[in-house]
């Protein structure tokens, strides 16, 4: 049994492996370890940003919000963010990380 005060095992943890809650996604569901794809679950492709592929991550569209309750168990957050290569030059987004109600990171468009 894991409680909110439990210490996570050593090593990196991936958001897609944690208990995340999709709050909003403008086009189809939030995809686990896949690009957003279309409106059906599981219709995304390999996550790819600037030619680099990622086995782990969340595929969302602009105007998406995902909540990851961490219970204070983590001290750092590292991420690569970007528009998936399958979108080409037609997409734009701002990536925001909010911790306990405080904005900690905001990317350029």
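The values are calculated or read from the model by the stated rules, or taken from the named source; none is laboratory data. It should be emphasised that the depicted structure is a prediction, and the values quoted were computed from it without experimental measurement. Neighbour counts are summed over all protein chains in view; Cβ atoms, including those assigned to glycine, are modelled from backbone coordinates with ideal geometry.
Name the residue, out of 97, 81, 60, that is closer than 30 Å to residue 10 by Cα, modelled with pLDDT of 85 or more, under 12 Å from the mean Cα position of the chain (by Cα) and crowded, with 16+ Cβ neighbours inside 10 Å. First the steps, then the outcome.
Working: 97 fails: crowded, with 16+ Cβ neighbours inside 10 Å; 81 fails: crowded, with 16+ Cβ neighbours inside 10 Å.
Going through 97, 81, 60 in turn, the sole match is 60.
Considering segment 69-109 alone, what residues qualify as being assigned to a loop (DSSP other than H, G, I, E, B) and touching a strand residue (DSSP E or B) at 6+ places or on another chain (Cβ under 9 Å)?
Start the filter on segment 69-109 by keeping residues that are assigned to a loop (DSSP other than H, G, I, E, B), which leaves 69-84, 91-95, 100-101, 107-109.
Listed by number, the residues that qualify are 69, 70, 77, 79, 80, 81, 82, 83, 84, 94, 95, 107.
From 44, 28, 37, grab the single residue that is in contact with a strand residue (DSSP E or B) (Cβ under 7 Å, 6 or more places away or on another chain), outside any helix (DSSP H, G or I), at positive phi and surrounded by 14 or more Cβ atoms within 10 Å (Cβ to Cβ). Spell out the reasoning first.
On the way: 44 fails: at positive phi; 28 fails: in contact with a strand residue (DSSP E or B) (Cβ under 7 Å, 6 or more places away or on another chain).
Testing whether each residue is in contact with a strand residue (DSSP E or B) (Cβ under 7 Å, 6 or more places away or on another chain), outside any helix (DSSP H, G or I), at positive phi and surrounded by 14 or more Cβ atoms within 10 Å (Cβ to Cβ) leaves just 37.
Please pick out the residue among 64, 55 that is under 22 Å from residue 107 (Cα atoms) and out of contact with any helix residue (DSSP H, G or I) (no Cβ under 9 Å at 6 or more places or on another chain).
Details: 55 fails: under 22 Å from residue 107 (Cα atoms).
Matching residue, one of 64, 55: 64.
Just to verify a result, which residue in segment 84-93, among those that are touching a residue at least 24 places away in the same chain (Cβ under 8 Å) and either farther than 29 Å from residue 11 by Cα or more than 13 Å from the chain's Cα centre (by Cα) (or both), is surrounded by the fewest Cβ atoms within 10 Å (Cβ to Cβ)? Reasoning before the result, please.
So the first thing to find is which residues in segment 84-93 are touching a residue at least 24 places away in the same chain (Cβ under 8 Å), and the list is 84-86, 91-93.
Next cut, either farther than 29 Å from residue 11 by Cα or more than 13 Å from the chain's Cα centre (by Cα) (or both) only: 85-86, 91-93.
Details: 85: 16, 86: 15, 91: 12, 92: 9, 93: 16.
Of everything passing the filter in segment 84-93, 92 is surrounded by the fewest Cβ atoms within 10 Å (Cβ to Cβ).
State whether the residues of segment 51-68 include one that is farther than 19 Å from residue 31 by Cα and either in a loop (DSSP other than H, G, I, E, B) or without any contact (Cβ under 8 Å) to a residue 24 or more places away in the chain (or both). Even if it seems obvious, please write down each step before you answer.
Within segment 51-68, the first condition is being farther than 19 Å from residue 31 by Cα, and the residues that meet it are 51.
From what is left, the residues that are either in a loop (DSSP other than H, G, I, E, B) or without any contact (Cβ under 8 Å) to a residue 24 or more places away in the chain (or both) are 51.
Checked segment 51-68: at least one residue is farther than 19 Å from residue 31 by Cα and either in a loop (DSSP other than H, G, I, E, B) or without any contact (Cβ under 8 Å) to a residue 24 or more places away in the chain (or both).
So how many residues does segment 5-19 have that are within 27 Å of residue 81 (Cα to Cα) and modelled with pLDDT under 75? First the steps, then the outcome.
Kept after step one, since they are within 27 Å of residue 81 (Cα to Cα), are these residues of segment 5-19: 7-19.
Still in the list and also modelled with pLDDT under 75: 7-10.
Residues flagged as within 27 Å of residue 81 (Cα to Cα) and modelled with pLDDT under 75 within segment 5-19 amount to 4.
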